[in-house]
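Okay, structure first, notes after.
The values are calculated or read from the model by the stated rules, or taken from the named source; none is laboratory data. Every value quoted in this text rests on a predicted model; they were computed, and no experiment measured them. With ideal geometry, Cβ positions are generated from the backbone for all residues, glycine too; neighbour counts draw on all protein chains shown.
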Amino acid sequence: MRIISLNVGRPRLVAWMGQTVSTGIYKSPVEGRVTLRTLNLDGDRQADLTVHGGPYKAVYAYPSEHYPFWREELPGTELPWGMFGENFTTEGFDESAVRIGDRFRVGGAELTVTQPRMPCHKLGIKFGRPDILKRFLASGRTGFYFSVQREGEVGAGDEFELIERDAGGVTVADITRLYARDRDDAETLRRAIALEALPESWREHFRQQLSRATSAER
């Protein structure tokens, strides 16, 4: 498990459907080592801090193994590393293997997995096609966010070392599945609600979802 490309970018203004939109989704690979701080990497920023960035979304990872799938799905589309707005293009693990709350050491930093990435219209802007949002979510190839427990320098080639495996057993893929499809899976909903690493907004969403699911059973 390692970083194969480290990608950063600052917000830019782009024209989209007759409007000018500020977005930080445009990331490009950088060489050398970069300091990962509590809120983001040096040289990286988010445009809309109400939905992007913050301590639970300090850095976004996307598995390189998903790129061949998207090359098949989107023929003719250029897909350089960082195309999905990820800071870490990774190799060696994916959403079905990584649990919410798993803690890793990479380079000089320590990170905790917090949540999957939910697509917004900025992804549609990047790809130039609004349908990418539904396709992205339906694919389950969401990537995942980390919070930063210890700041430090990171770079392409750094290996991920698993420090602590979360005992809750809820994977990133489980969170996406509960949100998008299996809304009545009460047992997994309860385990997700109990996850300290999962942001409160997700836990509250799942509390409401569990309430609806259990009410329907009565």
Fill in: Residue check, residue 80 buried (at least 19 other Cβ atoms within 10 Å of the Cβ), out of contact with any Cys (no Cβ under 8 Å at 6 or more places or on another chain) and in contact (Cβ under 8 Å) with a residue 24 or more places away in the chain
no
Response to the item:
Counting only residues that are surrounded by 17 or more Cβ atoms within 10 Å (Cβ to Cβ) and more than 11 Å from residue 111 (Cβ to Cβ), the stretch 131-155 contains a total of 8
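Listed here are the residues, each with its yes/no results for (1) over 27 Å from residue 169 (Cα atoms); (2) in contact with a Pro (Cβ under 6 Å, 6 or more places away or on another chain); (3) at pLDDT below 90; (4) hydrophobic (A, V, I, L, M, F, W, C).
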{"site": "48", "(1), (2), (3), (4)": "yes, no, yes, no"}
{"site": "52", "(1), (2), (3), (4)": "no, no, yes, no"}
{"site": "58", "(1), (2), (3), (4)": "no, no, no, yes"}
{"site": "61", "(1), (2), (3), (4)": "no, no, no, yes"}
{"site": "67", "(1), (2), (3), (4)": "no, no, no, no"}
{"site": "78", "(1), (2), (3), (4)": "yes, no, no, no"}
{"site": "83", "(1), (2), (3), (4)": "yes, no, no, yes"}
{"site": "92", "(1), (2), (3), (4)": "no, no, no, no"}
{"site": "98", "(1), (2), (3), (4)": "no, no, no, yes"}
Response to the item:
In the stretch 195-210, residues that are closer than 16 Å to residue 116 by Cβ, of a type outside the set (A, V, I, L, M) and assigned to a loop (DSSP other than H, G, I, E, B) total 1
Worksheet item: Restricted to the stretch 1-22, and to residues that are surrounded by fewer than 16 Cβ atoms within 10 Å (Cβ to Cβ) and small (Gly, Ala, Ser), which residue is farthest from residue 34 (Cα to Cα)?
Response: 18
Worksheet item: Applying the selection to the stretch 108-162, what residues are in a loop (DSSP other than H, G, I, E, B), more than 17 Å from the chain's Cα centre (by Cα) and either under 22 Å from residue 2 (Cβ atoms) or at pLDDT below 90 (or both)?
Response: 108, 128, 129, 130, 151, 155, 156, 157, 158
Practice prompt. Taking the options 158, 166, name whichever one is under 18 Å from residue 62 (Cα atoms), buried (at least 18 other Cβ atoms within 10 Å of the Cβ) and touching a strand residue (DSSP E or B) at 6+ places or on another chain (Cβ under 6 Å).
Written response: 158
Response to the item:
Here the residues within the stretch 62-91 that are more than 15 Å from residue 4 (Cα to Cα) and of a type in the set (D, E, K, R) are 71, 72, 73, 78
Worksheet item: Condition test on residue 192, is it small (Gly, Ala, Ser) and either assigned to a helix (DSSP H, G or I) or surrounded by 13 or more Cβ atoms within 10 Å (Cβ to Cβ) (or both)?
Response: yes
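What are the residues in the stretch 180-189 that are over 19 Å from the mean Cα position of the chain (by Cα), part of a helix (DSSP H, G or I) and not β-branched (Val, Ile, Thr), if any?
Result: 186, 187, 189.
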